[in-house]
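Here's the structure, in structure tokens; my notes come after.
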């Protein structure tokens, strides 16, 4: 039996994508070469926009009480508390915990993660993709309508698709260790010392994460050759503190290699997460941008599988997310230079420290790191909010049903039309959406807070895509039916007639 989609890779991005596909009604399978979760955590948090996406699917509450963190740009602190929007990120969440939460969610949705199944190849036709794999019972094949590679920086899916991965190779490296009993003082956003940078923070349950950039050490492309004594020796040389006595839980290294896939799609094959873009870690952006990739692609693939996607919808995945990946590469390379270069960069750090006190500069830099600055092209929609995400914390008061946050309206992973007039709702606002009732939810009420979103008043009507971005808002130069058909296909009557 042919699957609707196969996702390769059971990291946060692959798991999130599989959940998005399942919410859209797709029959999806996940293939992962590891026999069990690694328990490793290269990432220890996520950005504000990733937190909002989790919230939109009722996943953020599963993390329990989270620690909201201030941010920086290349080590230059930004006071998020002085900004109009909430750019605070989540820190102290090991990646394995994120994966556990997402995999539990998938089990509830009925999605199977096939562990110890390594993809070895695939063949693609105009209508389907057949994947070959090696599993516990030997070689096998499975066919699906679509294949998505979420299989990391060394993506086999990307390689087999013939998609280029241009960029910049490693010039410097960083070393990481999770230890118990180190006795080091916290250095949560890093501290410049002679010869490089050191960072230390409490990870979880008494485990400290140690991060080092030593200008005298070459980057380790092969992490298997790294030893803790090398990290401990560098820490002592740079800080005067010994951590040799610490109990080591995990060590790793990474470099400033920066690359982006030239295309995010090749026929029926797509890429997301590290398979599409890699960079030096900066501000928890890596996994977070991958989660946003998944939220963007998932509903579009599901719409195509369900048969109501408008022509060209799948192409908007590349046109929307590739520019975001390109900006990610730019900002992380800039942060790496600012953060890890020597004393010659100090004048620029001082200038940046002055600039971030200018509100417009702080908003711009914070938006890059938090992911709240993403704006997509919504065609003819001209409302100032078109293409931006609508804050999931806005509250709609509904007669008889009580207040509801925008995030709650998106829990089902469906588009939402919100009619929020001043006390009464004009039926003419809602009537054009009748033809799309099979795939769009409608929410009627009034905004609890009539304050503006930034410099823009809250709209009396707004059409949200499943990923939370504004597809249309009133007033606009294009009509609601035009926006509905542009993003959510033809109405039921037209589909039935066809």
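The values are calculated or read from the model by the stated rules, or taken from the named source; none is laboratory data. Model, not experiment: these values are computed from the prediction. Ideal geometry is used to build each Cβ from the backbone, glycine not excepted, and the neighbour counts take in all protein chains shown.
A few points about this structure:
- Qualifying residue in segment 90-108 (condition: touching a strand residue (DSSP E or B) at 6+ places or on another chain (Cβ under 6 Å), surrounded by fewer than 14 Cβ atoms within 10 Å (Cβ to Cβ) and part of a loop (DSSP other than H, G, I, E, B)): no
- For the residues 157, 113, the requirement of being farther than 30 Å from residue 64 by Cα, within 24 Å of the chain's Cα centre (by Cα) and surrounded by 15 or more Cβ atoms within 10 Å (Cβ to Cβ) singles out 157.
- Selection of segment 31-69 for residues being in contact with a strand residue (DSSP E or B) (Cβ under 7 Å, 6 or more places away or on another chain), outside any strand (DSSP E or B) and within 19 Å of residue 188 (Cβ to Cβ) yields 42, 44, 47, 48, 51, 66.
- Criterion (touching a strand residue (DSSP E or B) at 6+ places or on another chain (Cβ under 7 Å), part of a strand (DSSP E or B), buried (at least 17 other Cβ atoms within 10 Å of the Cβ) and at pLDDT 95 or above) met by exactly one of 130, 143: 143
- Across segment 1-30, the number of residues qualifying as in a strand (DSSP E or B) and touching a helix residue (DSSP H, G or I) at 6+ places or on another chain (Cβ under 7 Å) comes to 6.
- Filtering segment 345-354 to residues that are under 21 Å from residue 197 (Cβ atoms) and either free of Cβ contacts under 8 Å to residues at least 12 places away in the same chain or loosely packed, with under 11 Cβ neighbours inside 10 Å (or both) leaves 345, 346, 347, 348, 350, 351.
- Test: residue 244 is touching a residue at least 24 places away in the same chain (Cβ under 8 Å), over 30 Å from residue 119 (Cα atoms), not assigned by TED's automatic domain parsing to the domain that holds residue 46 and not in a helix (DSSP H, G or I): no
- Of all residues in segment 70-88, those being surrounded by fewer than 19 Cβ atoms within 10 Å (Cβ to Cβ) and assigned to a strand (DSSP E or B) number 1.
- Residue 309 vs. criteria more than 30 Å from residue 122 (Cα to Cα), in contact with a helix residue (DSSP H, G or I) (Cβ under 9 Å, 6 or more places away or on another chain), touching a residue at least 40 places away in the same chain (Cβ under 8 Å) and surrounded by fewer than 24 Cβ atoms within 10 Å (Cβ to Cβ): no
- Just so you know, in segment 355-386 the residues that are farther than 25 Å from residue 322 by Cβ and surrounded by 17 or more Cβ atoms within 10 Å (Cβ to Cβ) include one that is farthest from the chain's Cα centre (by Cα), and it is 356.
- Residue match in segment 325-339 (condition: touching a helix residue (DSSP H, G or I) at 6+ places or on another chain (Cβ under 8 Å), outside the structural domain of residue 487 (by TED's automatic domain parsing) and within 21 Å of residue 144 (Cβ to Cβ)): no
- Residue pairs whose Cβ atoms lie under 7 Å apart, separated by 6 or more positions or on different chains, with the first residue in segment 47-75 and closer than 28 Å to residue 414 by Cα and the second at pLDDT below 85, are 47/283; 47/284.
- Residue within segment 219-237 that is at pLDDT below 90 and under 24 Å from the mean Cα position of the chain (by Cα) present: no
- Residues located in segment 454-490, provided they are within 29 Å of the chain's Cα centre (by Cα) and over 19 Å from residue 310 (Cβ atoms): 454, 455, 456, 457, 458, 459, 461, 462, 468, 473, 474
- Among the residues of segment 176-235, those identified as out of contact with any helix residue (DSSP H, G or I) (no Cβ under 6 Å at 6 or more places or on another chain), closer than 23 Å to residue 344 by Cα and not in a strand (DSSP E or B) are 194, 215, 216, 217, 218, 219, 234, 235.
- Consider segment 257-273 and keep the residues that are within 29 Å of residue 70 (Cβ to Cβ) and surrounded by fewer than 24 Cβ atoms within 10 Å (Cβ to Cβ). The one that is modelled with the highest pLDDT is 260.
- Residue in segment 204-217 that is over 30 Å from residue 64 (Cβ atoms), surrounded by fewer than 17 Cβ atoms within 10 Å (Cβ to Cβ), at pLDDT below 90 and more than 24 Å from the chain's Cα centre (by Cα) present: yes
- Hits in segment 387-415 - residues which are at positive phi and surrounded by fewer than 20 Cβ atoms within 10 Å (Cβ to Cβ): 387, 400, 402
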